[in-house]
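Notes follow the structure.
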Amino acid sequence: MKITGTSSYVMLDIDGRKIKAEGEMVVGGFVADKNTMKQFEPPYESEPVTDAVRQHYIDEAIKKTQGSHMVLKFV
C-alpha cells in the first residue's frame, strides 16, 4: 500500500486502485472519515467499493502506519 495526501485527505493506493478518504491532519497522524471512501479514483471509478473492499483498505492503512510518526485512524 502507498499512502499520499494533504492536510485534508489521504489517498490509499493498492496496486494502482486508489481510494480517497477525507479527514483532518492532527498531531501525530490523520483522522479519516471512512464514509467519504465511496469510489475508486479514475480509471477505476466504475468499479464498486463494497464494505469489504473499504475495510481491506482501512486495515492495510492502519497496519502500514502503526508505530510510525503518522498514524491513520478511521472514524
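A quick yes/no check of all residues on (1) acidic (Asp, Glu); (2) open to solvent by 50 Å² or more (accessible area, probe 1.4 Å); (3) without any contact (Cβ under 8 Å) to a residue 24 or more places away in the chain; (4) under 18 Å from Thr6 (Cα atoms):
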{"residue": "Asp33", "(1), (2), (3), (4)": "yes, yes, no, yes"}
{"residue": "Gln39", "(1), (2), (3), (4)": "no, yes, yes, no"}
{"residue": "Pro42", "(1), (2), (3), (4)": "no, yes, yes, no"}
{"residue": "Glu45", "(1), (2), (3), (4)": "yes, yes, yes, no"}
{"residue": "Gln55", "(1), (2), (3), (4)": "no, yes, yes, no"}
{"residue": "Lys73", "(1), (2), (3), (4)": "no, yes, no, yes"}
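When the residues of region 57-71 are filtered to those that are under 14 Å from the mean Cα position of the chain (by Cα) and of a type in the set (Ser, Thr, Tyr), the one that is surrounded by the fewest Cβ atoms within 10 Å (Cβ to Cβ) is Thr65. With respect to (1) open to solvent by 50 Å² or more (accessible area, probe 1.4 Å); (2) not in a strand (DSSP E or B), the lone exception for Val49 is condition (1).
Applying the condition of being open to solvent by less than 70 Å² (accessible area, probe 1.4 Å) and touching a strand residue (DSSP E or B) at 6+ places or on another chain (Cβ under 8 Å) to region 21-31 and asking which residue is nearest to Val71 (Cα to Cα) yields Gly29.
Taking the criterion of being farther than 13 Å from Leu72 by Cβ, touching an Asp or Glu at 6+ places or on another chain (Cβ under 7 Å) and not charged (D, E, K, R), the residues of region 1-42 that qualify are Ser8, Ile14, Thr36, Gln39, Phe40. Among what's in region 56-75 and is β-branched (Val, Ile, Thr) and part of a helix (DSSP H, G or I), pick the residue that is farthest from Phe40 (Cα to Cα). Here the answer is Thr65.
The values are calculated or read from the model by the stated rules, or taken from the named source; none is laboratory data. As the structure is a prediction and not an experimental result, all values here were calculated from the model. Here Cβ is always computed from backbone atoms with ideal geometry, including for glycine, and neighbour counts include all displayed protein chains. SASA here: full protein model, heavy atoms, side chains in, ligands and nucleic acids out. Shrake-Rupley method; radii C 1.70, N 1.55, O 1.52, S 1.80 Å.
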